[in-house]
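A short reminder: the numbers here are calculations on the coordinates, not readings from a lab. Note that the structure is a prediction, hence the values are computed from the model and not measured. FYI the Cβ positions are ideal-geometry reconstructions off the backbone, even for glycines, and counts take in every protein chain you see.
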Amino acid sequence: METGERQSAEASAALEQIADARAALAERLFSPWWYYPAAGVIVGGFVAQLALAGMWAVRVPVMLALLLAGGLWLPSANRKATGFSGSRPPGRRARLWRIALVLVAIALLQAGQAVRADWGWVGPVLLGIVAVPVVIVVMHRYAAAVRADLRRGA
């Protein structure tokens, strides 16, 4: 009986060490100060470029530059700054916030197209400016959910 109790105590201690390591990782997991504003500017730029309707010679390079910045530069720069790269949210709460971020970006693009019809070029530009803080807030919520999910062991 003594061997079983000792193994159980060792297993409990090992699980507690894993939980402590997970909590320590969650506390260190922060993006650099510029990461969320940069992501906001990229999304805002996508929305604002809708003001360039019909100007494809300008619009296409702008979209490609924003796509490269958001898809290649931003994740790479974040990985270099933090030493960590997470492409898959660890838990349910973080996945929901990531979905919310995608839906916000889609809604902003749809709204940009709608206001372009009514307000001309001013509408998408104003909406692009509004997009920056909206994306920053949603990304902060996503990061907080990632840390909470890591702490819980999701």
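For the stretch 90-99, take each phi angle, set θ = phi - 60°, evaluate the Karplus expression 6.51 cos²θ - 1.76 cosθ + 1.60, and give the result in whole Hz per residue in order, putting x for glycine and proline.
x, x, 4, 4, 5, 4, 5, 5, 5, 4
Please give the charge dipole size of the chain, origin at the Cα centre, charges +1 on K and R Cβ atoms and -1 on D and E Cβ atoms. Round to the nearest 20 debye.
Here the chain has a charge dipole of around 340 debye.
Got a sec? Charge dipole of the chain, +1 on Cβ for Lys and Arg, -1 for Asp and Glu; which of Gln49, Leu109, Ile129 is way out at the positive end?
Gln49
Per residue of the stretch 110-125, in order, report the coupling 6.51 cos²θ - 1.76 cosθ + 1.60 (Karplus, θ = phi - 60°) as ³J(HN,Hα) in whole Hz, putting x for Gly and Pro.
Each residue's phi maps through the Karplus curve to give 5, 5, x, 5, 5, 6, 4, 5, 8, 9, x, 5, 5, x, x, 5 Hz.
Given contacts defined as C-alpha pairs under 8 Å and at least six residues apart, what's the relative contact order of the chain, whole-number percent? Provide the component values of the computation, followed by the final result.
On the way: 154 pairs, mean separation 63.1, N = 154.
So the answer I get is 41 percent.
Could you give the nm distance between label points at Leu72 and Ile18, where each point is 7 Å from its Cα heading toward the beta carbon?
Result for the modelled spin labels: 3.9 nm.
Starting from a Cα-only point model with no solvent, please compute log10 I(q)/I(0) by Debye for the stretch 31-152 at q = 0.10, 0.21, 0.23 1/Å.
The computed values of log10 I(q)/I(0) come out as -0.34, -1.18, -1.31.
With just the Cα atoms of the stretch 108-154, tell me how far they stretch along each of the three principal axes, in Å, largest first.
49, 15, 7
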